[in-house]
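First comes the structure, then the notes that go with it.
The values are calculated or read from the model by the stated rules, or taken from the named source; none is laboratory data. None of these values were measured; they are calculated from a predicted model. Neighbour counts run over all protein chains shown; Cβ positions are idealised from the backbone, glycine included.
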Amino acid sequence: MGLWDKLKGQLIDVIEWLDDSKDTLVHRFERQGNEIKNGAKLIVREGQNAVFVNEGQIADCFYPGTYELETRNLPILSTLKAWPHGFNSPFKAEVYFVSTRQFTDLKWGTKNPIMLRDPEFGPVRLRAFGSYAVRVGFPETFIQEIVGTNAHFSTDDIIGQLRNVIVARFTDAVGENKIPILDLASNYDELGARVSDQIMPDIQALGLELTSMLIENVSLPPEVEKMLDKRTSMGILGDMNKFTQFQTAQAIENAASQPGGSAAGQGMGMGMGFAMANQMGNAMQQPAQQAQPAPQSAPPPLPAAKKYHIGVNNQQLGPFDRAALQQQISAGNLTASTLVWTKGMANWTKASLVDELADLFDDGPPPFPPS
């Protein structure tokens, strides 16, 4: 091999990357010390960006297309290297191919249960999981913030950080919305949209874009789910008496259909028949008991008789009941014009003007009719 062929082999003529993986985000073009010659061809395929880095500083970024590398399409790199216009010498620069396609079906889930207070069940522990999709939306930012000098960067290198961000924002969204557990299934889309809005700034700060966010399931601990299943089963059964009667009738039919009609089977059938008859008898007695009128309660006690105070010679006497008032009338202490008072009266009043006492002073006969 001649000297020229050896030198020619050290120069890069075509820069391209054929991605045969499903999880590569960034690939650094390896040249093993070779230089890129002026006028080399750069091929950037759909779903890729090519980023040129000079001594750790990002220079130019190329989008899908085919380019002939020269001063006019490497303006930033030309400035960094102080190339004169129309340079012809080879140059060195790191080339990073960034995949901008969507990376789908990435999984997220809670490592530990989320403690929440449910309005129906009280304090509960929830687990949740789902999937999401991302793409590199800002290649320069992604290389600066995440990739650094790594020659190869895949989704496995970042899904842990993304999962932590999603779980933190999901926990906050569920806690703030206070959605009952039994209503969570009807709010998956709304929760997913809210979580997407909350994590978008965090994702974009890494140079990524969140293209999809799905909540697939929110579950309770297995012990709680078993109790919930029992509660659901009781609701489906409905009337327990009717269900027991149905089960008994089925058991009798099964026992009667046993081959040979053994004594044990007959005895079992008779026992179940007695049990069913007893249940039916109880069921028939319940409406009869409900139809019986409730016993009448004892009458309330009679109201206490009123007692009155009377005024005699500027003195207050009493209180006296009706019988004692009649004695005061006989003794001459109580007349129709005597002032009396009892609880509930605003002022002292003449006895003849009190309805309850007026009849005490009507002993005389009515006026004689004229002839």
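Checking ILE179, ILE215, ILE199 one by one, the residue that is touching a helix residue (DSSP H, G or I) at 6+ places or on another chain (Cβ under 7 Å) and over 15 Å from ILE166 (Cβ atoms) is ILE179 and no other. What are the residues in the range 147-162 that are β-branched (Val, Ile, Thr) and under 14 Å from ARG135 (Cα atoms), if any? Correct list: THR155, ILE158, ILE159.
Looking at PRO139, PRO90, PRO113, PRO119, just one residue is in the same structural domain as ASP20 (by TED's automatic domain parsing), in contact (Cβ under 8 Å) with a residue 24 or more places away in the chain and either over 18 Å from GLY56 (Cβ atoms) or touching a Gly at 6+ places or on another chain (Cβ under 8 Å) (or both), and that residue is PRO90.
From the residues in the range 83-96 that are at pLDDT 75 or above and touching a helix residue (DSSP H, G or I) at 6+ places or on another chain (Cβ under 9 Å), which one is nearest to PRO139 (Cα to Cα)? First the steps, then the outcome.
Taking the range 83-96 as the starting set, the residues that turn out to be at pLDDT 75 or above are 90-96.
Within this subset, residues satisfying the condition of being touching a helix residue (DSSP H, G or I) at 6+ places or on another chain (Cβ under 9 Å) are 91, 93, 96.
Working: PHE91: 23, ALA93: 17, TYR96: 10 Å.
Across the range 83-96, the extreme among qualifying residues is TYR96.
Taking the criterion of being within 29 Å of the chain's Cα centre (by Cα) and without any contact (Cβ under 8 Å) to a residue 40 or more places away in the chain, would at least one residue in the range 125-135 satisfy it? No, because not a single residue in the range 125-135 is within 29 Å of the chain's Cα centre (by Cα) and without any contact (Cβ under 8 Å) to a residue 40 or more places away in the chain.
Here is the figure for the range 185-198: residues that are surrounded by 12 or more Cβ atoms within 10 Å (Cβ to Cβ) and within 12 Å of GLU216 (Cβ to Cβ) total 3. Of all the residues in the range 58-82, those that are in contact with a helix residue (DSSP H, G or I) (Cβ under 6 Å, 6 or more places away or on another chain) and modelled with pLDDT under 85 number 2.
If you go through the range 103-143 and pick out every residue that is surrounded by 15 or more Cβ atoms within 10 Å (Cβ to Cβ), touching a strand residue (DSSP E or B) at 6+ places or on another chain (Cβ under 7 Å) and closer than 26 Å to LEU18 by Cβ, you end up with 11.
Condition test on LEU325, is it among the aliphatic types (A, V, I, L, M) and modelled with pLDDT of 80 or more? Yes; evaluated as a whole, the condition is true for this residue.
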